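The values are calculated or read from the model by the stated rules, or taken from the named source; none is laboratory data. Just so it is clear, the structure is predicted and the values come from calculations on it, not from any experiment. Ideal geometry is used to build each Cβ from the backbone, glycine not excepted, and the neighbour counts take in all protein chains shown. Heavy atoms of the whole protein, side chains included, go into the accessibility calculation; ligands, DNA and RNA do not. Shrake-Rupley method; radii C 1.70, N 1.55, O 1.52, S 1.80 Å.
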Amino acid sequence: LDSSEKRYRHLVENSLGLICTHDLDGIVLSVNPAAANSLGYEPRDGIGRNLRDFLSPPTRHRFDRYLARIKEHAHDSGVMRVVRKDGTERVWMYRNILYTEPGVRPYVLGHAIDVTERASAEEAVRRSHVQTLEATSRLAGRVAHAFNNLLTVIIGSTEILLADQPLDADMRAQLQAIMRAATRGASVT
C-alpha cells in the first residue's frame, strides 16, 4: 500500500464512526472495528454475512426497500435498529452511498453513528411529555367538574329566588343576569 492508502486505512480502522461496505445484495465486504464493536463482534465476523442478519427482526422487512432506494438514488439515510451479538438492540443513524467505478463491482459505503442513548433519552422525554399532558388533562377535568358543581348551586339558588320571592324589576334583572352568566359558564365547562 502507498502512504495515502495507509492513511485512509488507519483513518477508517481508528474512526469512532461506524463504517462498512456491502454489495448490492447486502453482503458485507468490510467493516471497521467501531462498527463491529458496536455489534459485539470482531470485524472479520461480519464479512460475508448479509447486513439484513444484523437488523432487528421486526425491521428486517424494510431491507429490500433500502436496497431498492440505494439502487435507484445511489444513496440512502435514516435510522436502523440493529441487534448485538448478545441480543440487545442498538439504534444507528446512517448515511450510505453507492459507488460505481468502471471495472469494479458496485459497492455501498455505509457511515453510521450509534444514537441509542439519544434515542432512549428522546423516548423518555416523549413519555414524560405524554404523562404531563395526561396529568394536565385529568386536572382540567377535575377543575371543570368542581366549577360545574359550583355553577349548579348558583343556578339552583337563583332559580329558587326567582320563583319564590316577589322581586322588584331591578332585583329580577340582576338575578336573571346571574342565571345567564352561570348558564354560559356551565356550557363552557
Using the structure shown, decide if V28 is part of a strand (DSSP E or B), among the aliphatic types (A, V, I, L, M) and open to solvent by 80 Å² or more (accessible area, probe 1.4 Å). no
Give me the pairs, please: first residue somewhere in the range 166-185 and within 16 Å of L150 (Cβ to Cβ), second residue anywhere and of a type in the set (V, I, T) and at pLDDT 85 or above, beta-carbon distance under 7 Å, and either six or more positions apart or on two chains. I178/I154; I178/T158; M179/I155; M179/T158; A182/I154; A182/I155; A182/T158; T183/I155
Mind checking which strands (runs of 3 or more DSSP E) fall wholly inside the range 72-184 and carry at least 1 residues that are exposed (fewer than 15 other Cβ atoms within 10 Å of the Cβ), of a type in the set (G, A, S) and out of contact with any Cys (no Cβ under 6 Å at 6 or more places or on another chain)? 75-83
Within the range 1-34, can you find the residues that are within 18 Å of S77 (Cβ to Cβ), out of contact with any Pro (no Cβ under 6 Å at 6 or more places or on another chain) and hydrophobic (A, V, I, L, M, F, W, C)? L18, I19, C20
Checking C20 against (1) in a loop (DSSP other than H, G, I, E, B); (2) surrounded by 20 or more Cβ atoms within 10 Å (Cβ to Cβ): exactly one of these is not met. Which one? (1)
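Does R52 meet the test of being charged (D, E, K, R), open to solvent by less than 80 Å² (accessible area, probe 1.4 Å) and in contact (Cβ under 8 Å) with a residue 12 or more places away in the chain?
Yes.
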Go over the candidates I113, I97 one by one and state the one that is among the β-branched types (V, I, T) and in contact (Cβ under 8 Å) with a residue 60 or more places away in the chain. I113
Name the residues in the range 53-67 that are part of a helix (DSSP H, G or I) and within 22 Å of the chain's Cα centre (by Cα), would you? F54, P57, P58, T59, R60, H61, R62, F63, R65, Y66
